[in-house]
Each structure stands twice: as structure tokens, then as C-alpha cells.
């Protein structure tokens, strides 16, 4: 057998996915392993044990990231495969775990074939990617790559009042490896798409070119409450009407700009929210995303200008607050090309696409060649116990991962 | 002094308004006398006592309406002045009470002048006009005029679990006069406008031509929850966008139709109502009102057609439920003309207008000549402790009431 024909073992990979998914399993499917919970500890113990079984040198760093290293023929920076094994409260068994366990499957496939790569390999899982219990999300990878200070992260208080530092000690994952200056030779993350594009198109592999920039705004609109029957239309200062106009404008901006631009009004709260009272107050959010920072700024400017005018013409006071703002991340073109050509070489359909969600990979992108491999999510469903990806897709994705890693780890 | 020069005593009327307003007084102004509460009982006792002091024959009917009768030179149906003395939880001292106490002021003015009218006069206050504790509103006048069955009304359970019948007994206002077939010779209700039109225009008297028809609809929109970042715009079934489109359409319909047409979206509830999730579900209300039933039906048809199309084009399921539907009430033109000519004869500015809110008078309109006199509400504010009407306006309105009643009660 030559390296070119090497293939992963899908039954073995699915077995590990199911075994990890059984920890914190929920009725009806899916699982709950919030970061640094007892469930997370049991998941960490299981995956660390598998790492050791595969002969990896396991280290835990001070924010609890776990890295399993497989030496190469030469010393130096490893080619790293990584993702996370924490989940949201009602998560699926694929989100994050797939990227970590596909990494272990790559290792076991190489072990079975007796292949030692030129450069070292590493498989990692990062602490608290989801941010469901402790903010911000992607915490472990951010600390690992020096984008977030260790002490800041350790001091974060979660939704149940405990701190990251305390809970790391409690579950025994307060490791000793220093953080912030680890540099990989390359980083690859395989992940479920968490959106419908691949599933709807029937495409197997998403070649991820980058992560969308995110702009979250909160608009607070203050109008005048009035009787719905006795107040003529031309005497109204209706905060709800302005909120509705902003929501429609957000949709129109995204549709008109096309490309990767998306816009979502997820929250609208009216007060007093009574059938026969003109809304005095509306609070709403607008989520804008684009892979291109200039276009994202253009969408913001168009929306903010419109909102100001719409509020003024209704006699409604407008306040805007930025809830979150991240610039887009662009993955290295060489890595993106490699994933695409590797997949096509295996006869698998591909599509270049942005990631609409944040991932650990984006923390590596500024520091080393980085890219991601997406596999389809059935009906685009994720963060949900109904999350599902067909084993055939997982096999295709893991085979691409295997050969991308082999290529990057060779001389 | 001839009848033509007769005027009410504004200090006496204001004194009674303040004394009644002191019962259930709230910090900062206004009062709380929810129907059939202890506060309502004390208000009823006070006003009934005033009726007896003025020589009226007081009767209480089986739904607790209290009527004070002043005999005329002839027997027969009385000319009736009526309104209510219950309030919302944070009400003003004018809403309802003004119509009842202006009626008592008319009686005392006639007593002082030694005038006996040809036809009897009556002053009434009706049970539970507000509907704030027991639904429906205008309960007492509806039962009084046979529009609502007595037993149905007595069995109504309120927001705190007690029934109308039980609380009528508890406060001692379960009277013995039968309901449903009382026919007045004419009915006049003086009331604060509860809207801004008279105040903004600087007009003293609103000549009410009728009560707007009311159409309340609830729309429930079921779309698909999706990730705000990973779901392309053309794959969304966004219930919130459809809700926003319906809200804007309601505004546009009212603006385009003009006249008395008003439209209000008072309630919008999204689910899951999260910044980064495309809304799966939206529930909203639309309040449409017009004085013309055909136009109201046209507004409904335009809105419902639009909503159906907007939902279908977004791939969102739409359900509509009627929460309330009342046809417009048209007051007798002779009564409306009489109020207008009487006010103008007194040199007071007038404006014909619809009532946007429901009132006890509308229950009498099908059965006898009925009309209403509006006086300005400062800033259009009502159902609020800041409700205020200037004594000068009240004097003007009560003088019109006096002479309209004198005219209708003469031969």
C-alpha cells in the first residue's frame, strides 16, 4: 500500500463518536457537556485515554487545552489537527468532536500503516469553544495562540457563578504547559457545516476559505405610547413601526449586496406589548456578517444611516450599541487550494464557502497556514439534539483530512 | 333667569370629581378602583349618597348598575345621562367619573333653578366599563340594554379568580331591578376624549358621531430557526421578517386609506428571540379601526391578503385568529346635530369626530337616540395617573350636556 491509497476506517471513527456522545447523553439524542462540567471531565478523560492508547505524548496547558503529539522524523513545529469536545446545553454529538476524533483516526490509520511523517503531528482539543457556560467562546484556542490573556480567561465567571480557574482545578485539567506562544507548522480543522448549503446542494466537502466577520448591533427605539383607537396616524411616534422598518431594511441590504452578506434580526421586544397601545419602546438586534471587511462596513453604514432616518421621520429616539464586532478571517490560499485539490483527487464534490460561525481554527489563522474542511449537516441543523451527518460524508471528510495532513507533514 | 341662560357650577362639579378621585388614590395622582373591588364599593357608596342627597330615586339592578331617577311632569322613559366610575389599575380621576358627576351637576343645577322637565331624567353609572378586572368591558351597560345575558355576565371569572356575581354580593350591589329591557328616551354620555385630537387642535368640544368598529387579529407565523451566520439569505424561512412586513403593511394601509382608518401593531413576540438565530416563530397583533364597516372590511381584506402572500413567499406558515371584532356604532344624527348646535350656540369651538375607544353609550345606540360629548385630554393621555382635563373644558362640556338634556326632556 502506498500513501496515496491510504484510507481511514469509518467504523472505528463512528464508534469513537458514539462512545464520546454517550457521555452526557440527552433523551432523544444529542448530549450536554458544558465546558468544565463533570460531563466535560469524563469526555476529556475518555479522549485523553485514547490519545495515550495511540502512543501520543499528552500534555495539558494552563487553560486546560489537551494536545497529543506524535513525533516525526525531524523535530520542529507539528502539523496540528484540532477542535473541541465541549457542547452547548442541547448539543449534537458531531459539533467539535468530529474534528478531534477524525484527528485520532488519522493517527491510528498512520500507526496501522507504519508511517512516520517528516514533521511531527498533533491532535488537540481546546477548552470552552462553545462559550455556552463561560464567555467568550473559542477561549482555549484564543489563549493557546496568544489572542486572549491567560489570567483574563482564568478569572472569567460563568453562568453558574464559578470561575474558569476554579473549575479547571476542580476537574483536574489545570495543566502546567505554558500558553500563548505555541506555533504549529499548519492547522487543519474538520467540522460539520452547521448550515444547510452542502446538504441542499448535495455537495460532500466544503472548502472553507475563511470565517465571516460579525457585527452585532442593538437598537433601542423610544417613541410615545398612545391609545391605538384614539391616536390619528399622523400623530404617532411608533417605536414598533421603526423596528419593523429596520428589520426589513436589514433583509433588503443583504439581498441587494448578495455574495456572502447575511443579515438577521433575531430579537424584537416591544413595550408595553399590548394589542391596543402604540409601542412606546422597541429593542432589537441586527446580526450582520460578511467575509469581506469593506463590504461588512458598507452593510453597517447603510443600515445605521437608514435606522437614523427612519427613527427621525417617525419622531422616535434611536440609540445603537455594539454587542460584538469581529473582522473576517481569511485562511491561507495554499491550504485552501490543498484541501480542494485533495478532495477532487479523491473524486469528491467540493464547494468553496465561508464559515458563518466562529471556530478554533480562526485563532491559528494569523500565526500559521490554516484551513477547515466542512462536511454536510442534515437540514443545516446544529446546536440541537437532531444534529446529524451521514457516515459517508464523514468518511470523505476524514480521508481528505488524512491526505492534507500527510502532505503538510512531508518534506 | 330663563332656561337658556342656565349654567352649571364648575367648582361644585370639580369638588365632586376630586372627592371621588380621592377614593383609591394613587401616589403621584390618579386612582385605582377596579370594578367590584372595595375601592369601587366606596366610590359607589359615595355617588349613590350624592344621588339621594339630590332627591333622586336610586335603584340598583341585578348586574349592579345604579340609576338615580328624577321624575318629570309626565311619566314615561327618562332622558338618561350615564357613564361609569370604575377605573383601570392606574387610572385617572376623569375617565367615566366625569360623565356621571356632570350628570349629577346637571340635576343639582335644575334643582337649584326649580326646573321640572316634561320627561323624567336619570343619571346612571354602569358596572365594569373598563374590563380591567372582568372581561368583557362595557359589561353593565351591555346587560342593561340586553346586548349581554345577565347570567353570562354574573358567571364571568376575573383576573383574581372571583366571579362577577360573587363580588357583586360581597360589596352589596347585587340589586333587584331586572335588566335587559330598559329603554331610555335618549342617552347622552360626556367623556374625556382619551386621545390628542382636541388638545392638539385647541378645540373644546368633540361632537362624537359614533364609535369606531374594531378588528383585532392575532397572527402566528411559523418559520424555521436557523443559524444567523451559516444560513444563506435565499434559504431562510424567517418568521420575524414576515411579521415586520405585516407591521409595515398595516401602517401603509391606514395611511393610504386615510379618513378615520387607524392600524396598530402593538404586540410582536419572536422565538427563540436570540441575536444569532433566525426567528422560528413570530406572534403579533394587528388592531384595525374605522367608523365605516365597509372600509374596515376593506382594510382587513387588504391586510389579510398581504399577510398570506408575505408568509407564502417566505415559506412561513401563517395562522390568523380573531381576538375581537365589533362593528362601528353610528350615533343618531339628530342627537349629534343637537350637541353641535348647542355648543356653537354657547360660542364654544367644536369638531365632529369618532370615538376610538368603546363607551357605555354604544350599548344604547341601537335602542334610543344616543350621542356623546368629548372634552380634551391633555396630551391625549388617559388610562394613566397623568390624565388631566382643564376645568374650563369641563365647564363647557357640562353646560352643553345640561342644555342638550333640557332640550330632549322638554315637549
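Readers should treat all values here as calculations from the given coordinates under stated rules, not as data from a laboratory. Quick caveat, the model's predicted, so the values are computed rather than measured. All Cβ positions, glycine included, derive from the backbone under ideal geometry; neighbour counts span all protein chains shown.
With 10 angstrom as the radius, rank B:227, A:144 by how many other C-beta atoms surround their C-beta, starting from the fewest.
If I rank by nearby Cβ atoms, fewest first, I get B:227, A:144.
Starting from the Cα of residue A:111, move 7 Å in the Cα-to-Cβ direction to define the label point; list residues of region A:381-408 whose amide nitrogen is under 17 Å from there.
Answer for this model: A:402.
Counting alpha carbon pairs within less than 8 Å and at least 6 residues apart, what relative contact order, in whole percent, applies to region A:213-326?
It comes to 45 percent, rounded to a whole number.
Report, for residue A:49, each distance to the same residue's label point in the other copies, shortest first and in nm; define the point 7 Å along Cα→Cβ.
Nearest to farthest, the other copies are at 8.3 nm.
If each residue's Cβ is checked for other Cβ atoms within 10 Å, how do B:359, A:119 rank with the fewest at the top?
Going from sparsest to densest Cβ surroundings: A:119, B:359.
Can you compute the FRET efficiency between residue B:162 and residue B:233 using 1/(1 + (r/R0)^6), with r the Cβ-Cβ distance and R0 = 45 Å? Round to the nearest 0.05.
It comes out at approximately 0.30.
Please report the residue of chain B with the smallest beta-carbon distance to the B-to-A rotation axis, and give that distance in Å, no decimals.
Spelled out as residue then distance in Å, it is B:244, 2.
Would you calculate the separation in nanometres between label points at residue B:22 and residue B:327, each defined as 7 Å from the Cα along the Cα-to-beta-carbon direction?
Roughly 4.7 nm, to one decimal.
Full-extension gain between residue A:14 and residue A:349, please, as 0.36 nm times their residue separation minus the C-alpha to C-alpha distance.
Value of the extension gain: 118.4 nm.
Rounded to the nearest Å, what's the spacing between the alpha carbon centres of region A:334-368 and region B:266-342? Just the number, please.
Centre-to-centre (Cα) distance: 50 Å.
Gain in length, residue B:178 to residue B:337, computed as 0.36 nm per residue apart minus the alpha-carbon separation, to one decimal in nm?
53.9 nm
Inter-copy label distances at residue B:315, 7 Å along the Cα→beta-carbon direction, one decimal in nm, shortest first?
4.2
If you put a point 7 Å past Cα along the Cβ direction, how far is that point for residue A:3 from the same point in each other copy, in nm, smallest first?
11.4
For B:189, B:178, what's the fewest-to-most ordering of other Cβ within 10 Å of each Cβ?
With the fewest neighbours first, B:189, B:178 line up as B:178, B:189.
May I ask for the distance between the Cα centers of region B:386-402 and region A:157-223, given as a whole number of Å?
Here the answer is 66 Å between Cα centres.
With each label point set 7 Å from Cα along the Cα-Cβ vector, what nm distance links residue B:135 and residue B:170?
Output for this residue pair reads 2.0 nm.
Could you give the distance between the Cα centres of region B:70-122 and region B:1-63, to the whole Å?
Region B:70-122 and region B:1-63 have Cα centres spaced 10 Å from each other.
With everything on Cα atoms, drop me the angle between helix B:293-314 and the longest principal axis of chain B, reported from 0 to 90° to the nearest 10.
20 degrees
Have a look at B:374, B:388, B:219 and tell me which one the Gaussian network model of chain B (Cα, springs below 10 Å) gives the largest fluctuation.
B:219
Please compute the modelled spin-label separation between residue B:305 and residue A:298, points set 7 Å along Cα→Cβ, answer in nm with one decimal.
Result: 3.8 nm between the two label points.
Ignore the peptide's own chain and count Cβ atoms of other chains within 10 Å of each Cβ in B:372-385; give me the average, rounded.
Per residue, the number of nearby Cβ atoms from other chains is 2 on average.
Once R0 is set to 51 Å, what does the formula 1/(1 + (r/R0)^6) return for the Cβ-Cβ distance between residue A:274 and residue A:46, expressed as a FRET efficiency to the nearest 0.05?
Working from the Cβ atoms, E equals 0.45.
Return the calculated 222 nm mean residue ellipticity for chain B, to the nearest 500 deg cm²/dmol, obtained by summing -39500 (n - 2.57) across DSSP H runs with n ≥ 4 and dividing by the residue count.
-11000 deg cm²/dmol
To the nearest 10 degrees, how steep is helix A:333-345 against the longest Cα principal axis of chain A, on a 0 to 90 scale?
Helix A:333-345 sits roughly 70 degrees off the main axis of chain A.
What angle do you read, to the nearest 10 degrees and between 0 and 90, between the alpha-carbon axis of helix A:391-409 and the longest principal axis of chain A?
The answer is roughly 70 degrees.
Anyone know which of B:35, B:361, B:153 comes out most mobile in the 10 Å Cα GNM of chain B?
B:153
GNM on chain A, C-alpha springs below 10 Å: top fluctuator among A:75, A:226, A:234?
Of A:75, A:226, A:234, the Gaussian network model singles out A:234 as fluctuating most.
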